[in-house]
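We did not get these values from a lab; they are worked out from the coordinates using the rules stated. Keep in mind the model is a prediction, meaning the values are calculated, not measured. Here the Cβ positions follow ideal geometry from the backbone for every residue, glycine too, while neighbour counts run over all protein chains shown.
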Amino acid sequence: HGEADIDRVYGLVEQSLLEIIARYAVPIPGTVEAVVAMRARGLRVGSCTGYPRPVAERLAAAAKPFGLQPDCLVCATDVPKSRPAPDMCREVLRRFEISDPKRAVKIGDTEQDVLEGRAAGMWTIGITLTGSLVGLSEAELVVLPAPERDVLEREVGEVLQAAGADFVAPDVSSCLRILEFIEEESAARPTRAPGVWG
């Protein structure tokens, strides 16, 4: 199998993503409110995604009516190297004119997200319950018995911490307390840190 076969399969996957993305573009509960709260604190929100730009733009367009729109969107196809390389995070920092990566926070739900943020020199927060590593829909998570949910959250947290996450949180809304802590830790610095998620 050659490059042409790889390109053909990639094209089919991208087309499938474009067709189904709108069906699954409903934000996770609490995310929109968390982003509103971040912006109320003067934070900016950038999105780094492994999706190619056509897919990411369609997803962003589908999320916009819910009130979820990043201040900048950086795709894997926009930079020389994707995760776990720091290129996407660094591009967000460049667009935000942030020279000190410790003035930024990478929030993500995979080991690759954490490794990317660490490589960029950012604070990192790993999402445990509402992320990819859990692999459950919102409906499945709601009916999961509390002891099983606790075990799952702990196991995913351990994976993300092993990857180097500075903090873990069950969902994006739970990151607000952590961002406040980081801001207090960085109080001597003259500018606020943007929240970087995705």
- [ ] Tell me, please, whether a residue that is surrounded by fewer than 20 Cβ atoms within 10 Å (Cβ to Cβ), farther than 15 Å from residue 122 by Cα and not small (Gly, Ala, Ser) can be found in the range 97-107.
- [x] no
Task: Segments classed as helices (runs of 4 or more DSSP H), wholly inside the range 1-120, with at least 1 members that are under 14 Å from the mean Cα position of the chain (by Cα) and among the aliphatic types (A, V, I, L, M) - done: 31-40, 53-63, 87-96, 111-120
Open item on the list: If the requirement is being farther than 23 Å from residue 168 by Cα and in contact with a strand residue (DSSP E or B) (Cβ under 8 Å, 6 or more places away or on another chain), which of these qualifies: 97, 91, 116?
Closed with: 91
- [ ] Return the residue satisfying two criteria in turn: it lies in the range 121-146 and is small (Gly, Ala, Ser) and over 16 Å from residue 167 (Cα atoms), and of such residues it is surrounded by the most Cβ atoms within 10 Å (Cβ to Cβ).
- [x] 132
Open item on the list: Every residue in the range 121-150 that is closer than 17 Å to residue 50 by Cβ and outside any loop (DSSP other than H, G, I, E, B), please.
Closed with: 124, 126, 127
Open item on the list: Condition first: of a type in the set (S, T, N, Q) and closer than 14 Å to residue 96 by Cβ. Now tell me which residues in the range 23-53 satisfy that.
Closed with: 47
